[in-house]
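**Student:** What follows is a structure written as structure tokens; I'll ask about it next.
Any read-out appearing in this document is the output of simple, stated calculations on the displayed coordinates, not a laboratory observation. What you see is a predicted model; the values in this text were computed from it and never measured. Note that we place each Cβ from the backbone using ideal geometry, even for glycine, and neighbour counts take in every protein chain shown.
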Amino acid sequence: MQHRRRVLFVKPDYWLVVDDVAAKDDREHTADTLWTLKAPGAEVDAVTRQVLSRSAGPQGARLQILPFRASMADSVRVAQGEREPEVIGWLPRGFEQLTEAPTAIHHAAFRGKLLAAYALAPFTGEQPPIARVEGDGPAFTLGFADGRQDRFEVTPEALRAEVGGARFEAVETPVG
């Protein structure tokens, strides 16, 4: 199994995170993308599979975790303070101490290769900044509450972005 994570910071608003996973065989595999939040709790939107922190964390901000398409994950859940069947949903606090923390888990089954892309957007207030995702890959448009639209093309070989009139392109060798 090979894994590569690509991260693009769209200053100052959000991060685009792309995970490429490639299996070395043709069997069915599963992949979990975990996001541990330093916040009191988190909520899941069952339709969009987005996760929102319930209230502000220590820096006064909330976080929106939005998959570029809901089909990238078969399911999403939030774990917090779990000990069985595995320890998940915790953050270290001092020496040998833990505190419960919500951990969003996007779960996907795949054969061969998996490409999963997410936008992570910090925000204050009640409304998350990204209102919608349009497109069904490889081209996506993020629509913002303020009317702005950012466009992306995400493939195993390239990451292209058009944000506020500026263009970005990174071409890489695919995993696997």
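**Student:** Using the Cα centre as the reference, give the magnitude of the dipole from point charges on the C-beta atoms of the chain (Lys, Arg: +1; Asp, Glu: -1; all else neutral), rounded to the nearest 20 debye.
**Tutor:** Dipole of the chain, to the nearest 20 debye: 280 debye.
**Student:** Between D74 and E126, 0.36 nm times their residue separation minus their Cα-Cα distance comes to what?
**Tutor:** Fully extending the segment from D74 to E126 adds 16.0 nm.
**Student:** To continue, here is another question. At most 15 other Cβ atoms within 10 Å and a DSSP loop assignment: could you name the trypsin sites (Lys or Arg not before Pro) in segment 59-91 that fit?
**Tutor:** Of the trypsin sites (Lys or Arg not before Pro), the ones in loops of segment 59-91 whose Cβ has at most 15 other Cβ atoms within 10 Å are R83.
**Student:** Say R0 is 30 Å: what FRET efficiency, to the nearest 0.05, do E172 and D136 get from their beta-carbon distance?
**Tutor:** Details: r = 22 Å, r/R0 = 0.75.
With a Förster radius of 30 Å, E is 0.85.
**Student:** So, one more: Evaluate E = 1/(1 + (r/R0)^6) for F144 and H3, where r is the Cβ-Cβ distance and R0 equals 30 Å; express this FRET efficiency to the nearest 0.05.
**Tutor:** 0.50
**Student:** Taking square-rooted eigenvalues a ≥ b ≥ c of the alpha carbon gyration tensor, is the chain rounded, prolate or oblate, where a/c under 1.5 means rounded and, failing that, a/b exceeding b/c means prolate? Mind showing how you got there, number by number?
**Tutor:** On the way: a/c = 1.83, a/b = 1.13, b/c = 1.62.
Cα axes put the chain in the oblate bin.
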